[in-house]
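K.L.:
Could you have a look at this structure, given as structure tokens, before my questions?
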Amino acid sequence: MRQRGPSPAPAPAPADPERAASVRAIAEQLARARGPLMPILHEVVATHGYVHDDDIPVLADVLNLSRADVLGVVSFYHDFRRTPPAAHRVSLCRAEACQARGAEATYAAAADRWAGSTEVEVGEVFCLGNCALGPAGTLDGALHARLTPDRLDELTQGWHR
């Protein structure tokens, strides 16, 4: 039986064969789950820190999806980062309760402090459920309350600028 239309272009060889083998093993292990792509992507990020461009064709092959389908999911959800993570992450709440308690100044100070840094990534979240103790944020995943620019400096002392 002949296939209609052009056949898809073969995927280029991955730059890191060990990573490709690891990603394939993760995908094959979880492929039988219901709706496997999301759990597989979460596991790839947990194992490797991010979803590399070379992971896309591997996942597409294992799940019998197009590369566009996999890339669409990866690029839609912010949890599936496509670049290696920085050594440190600052996530500051920008929701109304924290804004009313001075979050804007703390966010501006953090963004300014680490502008252009490859060691520290500054991001925003919209509610950490710590509204009564705002401004709130996470530093490398640990929740902190009553953040100010000075308190942020104290908590991150030693982080490269």
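Just so it is clear, none of the values below were taken in a lab; they were calculated from the coordinates. Treat the numbers as computed from the prediction; the structure is a model and nothing was measured. Quick reminder, even Gly has a Cβ in these numbers, built from the backbone with ideal geometry, and neighbours come from all protein chains shown.
K.L.:
Quick test of your reading of the structure: residue 120 fulfils all but one of (1) farther than 30 Å from residue 36 by Cβ; (2) under 15 Å from the mean Cα position of the chain (by Cα); (3) free of Cβ contacts under 8 Å to residues at least 40 places away in the same chain. Name the failing condition by number.
P.N.:
With (1) farther than 30 Å from residue 36 by Cβ; (2) under 15 Å from the mean Cα position of the chain (by Cα); (3) free of Cβ contacts under 8 Å to residues at least 40 places away in the same chain applied to residue 120, the lone miss is (3).
Residue-by-condition table, conditions (1) crowded, with 19+ Cβ neighbours inside 10 Å; (2) outside any strand (DSSP E or B); (3) in contact with a strand residue (DSSP E or B) (Cβ under 7 Å, 6 or more places away or on another chain):
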residue	(1), (2), (3)
86	no, yes, yes
91	yes, no, yes
118	no, yes, no
132	no, yes, no
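K.L.:
Turning to a different aspect of this structure: Report, by residue number, each residue of the range 93-116 that is of a type in the set (Gly, Ala, Ser) and either buried (at least 19 other Cβ atoms within 10 Å of the Cβ) or under 30 Å from residue 36 (Cβ atoms) (or both).
P.N.:
Here is the first cut: in the range 93-116, the ones of a type in the set (Gly, Ala, Ser) are 95, 97, 100, 102-103, 105, 108-111, 115-116.
Result: 103, 110.
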